[in-house]
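None of the figures in this text is laboratory data; all of them are computed from the coordinates on show. The model shown is predicted, which means the values in this text are computed figures rather than measured ones. Glycine also receives a Cβ, built like all others from the backbone with ideal geometry; neighbour counts cover every protein chain displayed.
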Amino acid sequence: MGKDRPVRSLACFVQALEGLQVLIELRYDTLIRGMLDQVDEHMNLTLSSVVVEKMSNGEKHEMPFIHVRGRVVRYVHVPSNVRPHTAIEDHRKRISEARQLHAREAAQISKPLLKGDQSQVV
């Protein structure tokens, strides 16, 4: 997977919006409205229940899902009911808890077996 970005990056803020309806403005005068499902460390976005609108002619298309490369994103409009600081802090807590859980599970799996100890053999 490559290097993880710090938990204080812009990608972290956009990841904090996962599960919300968002408006994404692309470089080529296109608007995308939909449920933000996933954001990776490069700000590649996956949205579901999507409406794509061309700003030049107002033409709209509905799609069940779409993947958007991070390099074509111009703006991510934050929903008005989201408090940015709270969203980031909640996201950082979720990441921290997930890392701690993973570390605990990894420690349990990697416990060495003592000679003659068959209790952990499956």
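Quick notes on this one:
- Protection-proxy order for peptides 99-106, 48-55, each taking the mean of Cβ atoms within 10 Å per residue, highest first: 48-55, 99-106
- Listed values for the range 53-67 are Karplus-derived 3J(HN,Hα) couplings in whole Hz (6.51 cos²θ - 1.76 cosθ + 1.60, θ = phi - 60°), namely 10, 7, 6, 5, 10, x, 5, 10, 9, 9, 9, x, 7, 7, 10, and x replaces Gly and Pro.
- The Asp29 and Asn81 beta-carbon pair, evaluated with R₀ = 30 Å, returns a calculated FRET efficiency of approximately 0.65.
- Estimated FRET transfer efficiency (Lys54, Glu89; beta-carbon r; R0 30 Å; 0.05): 0.25
- For the peptides 20-33, 71-84, the ranking by packing is 20-33, 71-84, with the highest mean count of neighbouring Cβ atoms within 10 Å listed first.
- Placing a label point 7 Å from the Cα of Val72 along the Cα-to-Cβ direction, the residues of the range 26-47 with a backbone N closer than 13 Å are 26-32, 44-47.
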